[in-house]
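Worksheet: the structure to be examined is printed underneath.
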Amino acid sequence: MSSAALAAPPRFRGRMPLLRFLSTLRDSSVATYGEEMFEEAVIERRVLWQRYLIVNAPRGVQRVLLDNAGNYVKSRVARRLVEPGIGRGLLTSEGDAWRRQRRTMAPSFDHRSLMSYAPAMTEATAALLARWDLLPEGAPLDISGEMMRLTLKIIARTMFSTDADDIGPIVEKAVGRYQREVRPSLVDLLNLPDWWPRPGTRRWSHIFDRLDAVIDRLVRRETVAGGESKDLLARLLEARDAETGRPMEPRELRDQVVTIFMAGHETTAQALTWTWYLLSQHPAEEARLQAEFERVLAGRAPRFEDLAQLRYARMVLEESMRLYPPAHTMSREALAEDEIEGHRVAKGSVVSIVPWVIHRHRTLWDRPDVFDPERFAPERAAERPRFAYIPFGGGPRICIGAGFAMTEALIILAILGQRYRLRLAPGAVVEPVGLITLRPRHGLPMRLERR
Ligand code: HEM
């Protein structure tokens, strides 16, 4: 294990002045956490009159996400960031609507479905490899963009049986604008009601106009095909309300499709991007990963059955999501009063669970800022408190795509990693920013070296 200094925002001691705090928060929430945050179990923050509780203690996290999950709905601040583009899909819905949607979608993420997606994942990655093979040795590439386009192609193929060639640039543009423009305003941070005017918000709702047109086309095509395929889109079209027998409203259908497009590609792309970065900084771990690929695959692409044997690769991905959790923050709002680890939670408080902090917390991890995949050796998992490691969240709202993401990430890592070594481009500045997802601010410029 080596201990190269890894990209992270500087930490300060004491309180950040309010104005600096607000402007930092609008740029990158992970840069607002001072040294104390990584030492305490529960922290109370106040932005004018709005109370925020940041819960780091795994037992407190368990209370919010699992034991008393019914008392905690997705917070208005979080919804305000997500809903302008994604609408009210599985990620943001609540109560009966959420239960119905989750039941409808679950079969698309079961073990059999994952197995059936593996060939499409392999094919899309092989196509990228063929493109890389045409580049001159040492060619510079933005790996973050490469991973985004690849995972987008995979989600389009597996979930909607379509090739992303025409959709890709449209989604890419929308995601780029979304990441650049959608910011929490002071009105959101103060948790003012939904009817309160929010300047700029109306513009956001148009970011997805072109994607909406593409989705309309996909839905019409699927409707004409009349249930021949069993992809997610077909399932959504077939779903009927248990009480009324009615199909999904067009708006709800659109929101589900955009949710899966968005939630289903960017997070996995960022997980892979950070993994390539970490491997480039840790040659010993990279060599061990290569040895495993050699032993299990000997140069060929993995089949679904091989993935269980890629144990070290899985540990590398897990450790990468510990240090750089793509979903860096989860935020909830308390419907009624509660108590978390001795702290009173008033009705309406915002409760934040921040994997970025929990995964680097001093009381939970030994040398928390060091990359060490060995922490995830199966025999050591028992040492860790439950809910100390939550890249996919936990409880009933746990990520529906966790298995999909791990399958996809292992396949991509194995295929590309066996052929290429990825090196950080000279002079590249790597800086994590956390707004909607955790991503490198300037992308990840790397050079490809053929093995
Ligand atoms: C490494 C990749 C991924 C990470 C780190 C990740 C992380 C998360 C987290 C933390 C949550 C819970 C949010 C909360 O409780 O507030 C979540 C929910 C969700 N994720 Fe993922 N995700 C990943 C990949 C995927 C993929 C591939 C898909 C779909 C194909 C997906 C679809 C969803 C959906 C629909 C939800 C909402 C589930 C619900 O509320 O019932 N995610 N994800």
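Laboratory data are not the source of any read-out in this text; all were calculated from the coordinates shown. Remember, predicted model here, so these are calculated numbers, not experimental data. Cβ: placed from backbone, ideal geometry, glycine included. Neighbour counts: every protein chain shown.
Projected onto planes of every orientation and averaged, the convex hull of the alpha-carbon atoms in the stretch 220-326 covers 10.0 nm².
Solvent-free Debye calculation, one equal scatterer per alpha-carbon of the stretch 64-152: log10 I(q)/I(0) at 0.14, 0.17 Å⁻¹ equals -0.81, -0.95.
Treating the Cα atoms of the stretch 1-90 as identical point scatterers in vacuum, please give the log10 of the normalised Debye intensity I(q)/I(0) at q = 0.12, 0.19, 0.21 Å⁻¹, two decimals. Taking Cα atoms of the stretch 1-90 as identical point scatterers yields -0.54, -1.17, -1.27. Its convex hull of Cα atoms gives the stretch 327-411 a direction-averaged projected area, equal to a quarter of the hull surface, of 7.1 nm². For Lys74, the lysines whose Cα falls under 22 Å of its own Cα, not counting residues fewer than eight places away in the same chain, are Lys347. A cut-off of 5 Å between modelled amide H atoms, ignoring neighbours fewer than 5 places along the same chain, links Leu424 with Arg447. Here the gap between Glu137 and Glu431, fully extended at 0.36 nm per residue and compared with their Cα-Cα distance, gives a gain of 103.2 nm.
Taking other Cβ within 10 Å of each residue's Cβ, how do Ile358, Ile260 sort, fewest first? If I rank by nearby Cβ atoms, fewest first, I get Ile358, Ile260.
Phi-derived couplings, Karplus 6.51 cos²θ - 1.76 cosθ + 1.60 at θ = phi - 60°, listed residue by residue for the stretch 300-315: 8, 6, x, 9, 3, 5, 6, 4, 4, 7, 7, 5, 5, 4, 5, 5 Hz, with x used for Gly and Pro. Taking only the C-alpha atoms of the stretch 315-365, the Rg (one decimal) and the largest Cα-Cα distance, Dmax (whole number), read 13.9, 40 Å. Quick one: which residues, 5 or more positions from Glu431 or on another chain, have an amide H under 5 Å from its amide H? H modelled 1.01 Å from N in the peptide plane, none for Pro or chain starts. It is Arg441, His442, by chain and number.
The radius of gyration of the Cα set in the stretch 372-416, together with its Dmax, comes out at 12.8, 34 angstrom.
As an exercise, find the ratio Rg/Rh for the stretch 67-114 from alpha-carbon atoms, using the Kirkwood inverse-distance average for Rh.
1.05
Of all lysines in the structure, the ones whose alpha carbon falls short of 30 Å from that of Lys230, not counting any fewer than 8 places away in one chain, are Lys153, Lys173.
With no solvent and one point per C-alpha, what does the Debye sum give as log10 I(q)/I(0) for the chain at q = 0.08, 0.12 Å⁻¹? So the normalised log intensities work out to -0.46, -1.09. Rounded to the nearest Hz, the phi-derived 3J(HN,Hα) couplings of the stretch 149-162 under the Karplus curve 6.51 cos²θ - 1.76 cosθ + 1.60 (θ = phi - 60°) are 5, 5, 5, 5, 4, 5, 5, 5, 5, 6, 8, 10, 6, 9, where x marks glycine and proline. Taking amide H atoms as placed 1.01 Å from N in the peptide plane, the amide H of Val73 lies under 5 Å from those of Glu333, Leu335, each 5 or more residues away in sequence or on another chain.
Considering only DSSP beta bridges whose two residues both sit in the chain, what percent are antiparallel, to the nearest 5?
On the way: 28 of 31 bridges.
Looking only at bridges with both residues in the chain, the antiparallel portion is about 90 percent.
Model label sites at Ala8 and Arg300, defined 7 Å from Cα along the beta-carbon direction, differ in position by 4.2 nm.
Put in order of Cβ neighbour count within 10 Å, fewest first, the listed residues Trp98, Trp49, Trp356 become Trp49, Trp98, Trp356.
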